[in-house]
Amino acid sequence: MGNMPIPSRAALVDHLVRTRIAGDVATPRDNNLSHYRRLANGDRHYWLGLELGDRWTDEQDVLAVMAERCGVVDDPGHRTGQDTIDPELTVDGLERMAARLRKAAAGRERVLFATGHPGALIDVHSRTAAALRSAGCDIVRIPGGLTADEGYVVQFADVAVFERGASLWHTHSPEPMRAILDALETPPDLVVADHGWAGCAGQRGVDAVGYADSNDPALFLAEAEGTLQVTVPLDDHVVDPRFYEPMTAYLLDAAGLS
């Protein structure tokens, strides 16, 4: 992290709220509830590569998990306006993720990084990959020539991303991760990702940790069920990617990697 100071927990909570990574986030309440309802109604776009069966067919059950694990307003009567992510839950998630990264470093594991939010989270993932490499981990290099969803699966700054039309795309699809895992001779020991990249890996039985927004409930349900090891709640695309730097510094320090 270069000269980035390591914030205290209290300072990081303040920063998360001030930059709207957590606290009063930009995603409106009606958007959150719409996504919970679509997941509950079986719309697989919102399952993020997971197989949820018929276990989450009640929107209120989804809301209850999101209130517990993400910090959205737990009142089902709150239908419009502001919604929230609890910054304390964000930091709790970072500390759980740090524990898994510490295990990866101790075991010099093979770790794969991927993001469906290259415009926001690629630097978070890239810095984490560099720290694990310095600790002796093998950062998985994906095979060349992979395709999915009418585009290419490529690696940039150690992070797998989806490219189409010479641009890196925001994607929730599990297909790019599926292409990677199908092409690798042996699966990674750990996947650090988000969206369908994380969901697909967890569904395949690979240890997976990830980041998720308040309108992407599937990864929180997966952690509740044990399919994903960690899901960190945050706004996954704030206005300036540099706002995530103190969070990354805290994560790496907590993992003993700074």
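The values are calculated or read from the model by the stated rules, or taken from the named source; none is laboratory data. What you see is a predicted model; the values in this text were computed from it and never measured. Positions of Cβ are backbone-derived with ideal geometry, glycine not excepted, and every protein chain shown enters the neighbour counts.
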Could you tell me which of the residues Asp189, Asp194, Asp138, Asp158 is in contact (Cβ under 8 Å) with a residue 12 or more places away in the chain, of a type in the set (D, E, K, R), under 27 Å from Ser214 (Cβ atoms) and surrounded by 14 or more Cβ atoms within 10 Å (Cβ to Cβ)? Asp194
Tell me which of these Asp138 doesn't satisfy, since it passes every other one: (1) touching a strand residue (DSSP E or B) at 6+ places or on another chain (Cβ under 6 Å); (2) over 26 Å from Glu245 (Cα atoms); (3) not polar (S, T, N, Q). (2)
Selection from segment 213-238 of residues free of Cβ contacts under 8 Å to residues at least 40 places away in the same chain and either within 11 Å of the chain's Cα centre (by Cα) or within 27 Å of Arg18 (Cα to Cα) (or both) yields Leu228
Please go through segment 4-61 and pick out each residue that is among the small types (Gly, Ala, Ser) and modelled with pLDDT of 95 or more. Ser8, Ala10, Ala11, Ala22, Gly23, Ser34, Ala40, Gly42, Gly49, Gly53
Per the filter on segment 205-235, residues assigned to a loop (DSSP other than H, G, I, E, B) and of a type in the set (D, E, K, R) are Asp207, Asp213, Asp216, Asp235
Within segment 167-179, can one find any residue that is in a strand (DSSP E or B) and either more than 14 Å from Ala114 (Cα to Cα) or of a type in the set (Ser, Thr, Tyr) (or both)? yes
Those residues of segment 39-59 which are more than 10 Å from Pro217 (Cβ to Cβ) and touching a Pro at 6+ places or on another chain (Cβ under 6 Å), in sequence order: Gly49
Looking at the structure I just gave you, is Gly202 modelled with pLDDT of 95 or more, surrounded by fewer than 21 Cβ atoms within 10 Å (Cβ to Cβ) and outside any strand (DSSP E or B)? no
Hits in segment 49-66 - residues which are surrounded by 13 or more Cβ atoms within 10 Å (Cβ to Cβ) and out of contact with any Lys or Arg (no Cβ under 7 Å at 6 or more places or on another chain): Gly49, Leu50, Leu52, Trp56, Thr57, Asp61, Val62, Leu63, Ala64, Val65, Met66
If His125 satisfies all but one of (1) touching a residue at least 12 places away in the same chain (Cβ under 8 Å); (2) assigned to a loop (DSSP other than H, G, I, E, B), what's the number of the condition it fails? (2)
So Leu132 clears everything in (1) of a type outside the set (D, E, K, R); (2) outside any loop (DSSP other than H, G, I, E, B); (3) closer than 16 Å to Ala198 by Cα except one condition, right? Which one? (3)
Counting only residues that are free of Cβ contacts under 8 Å to residues at least 60 places away in the same chain and buried (at least 16 other Cβ atoms within 10 Å of the Cβ), which one in segment 67-77 is farthest from Ala193 (Cα to Cα)? Val73
In segment 95-128, anything surrounded by fewer than 23 Cβ atoms within 10 Å (Cβ to Cβ) and either among the β-branched types (Val, Ile, Thr) or within 14 Å of Val230 (Cα to Cα) (or both) is listed as Glu95, Arg96, Met97, Ala98, Ala99, Arg100, Arg102, Lys103, Ile122
Being surrounded by 15 or more Cβ atoms within 10 Å (Cβ to Cβ) and without any contact (Cβ under 8 Å) to a residue 60 or more places away in the chain, is that true of even one residue in segment 82-90? no
Can we say Asp207 is out of contact with any Phe, Trp or Tyr (no Cβ under 8 Å at 6 or more places or on another chain) and under 20 Å from Pro118 (Cα atoms)? no
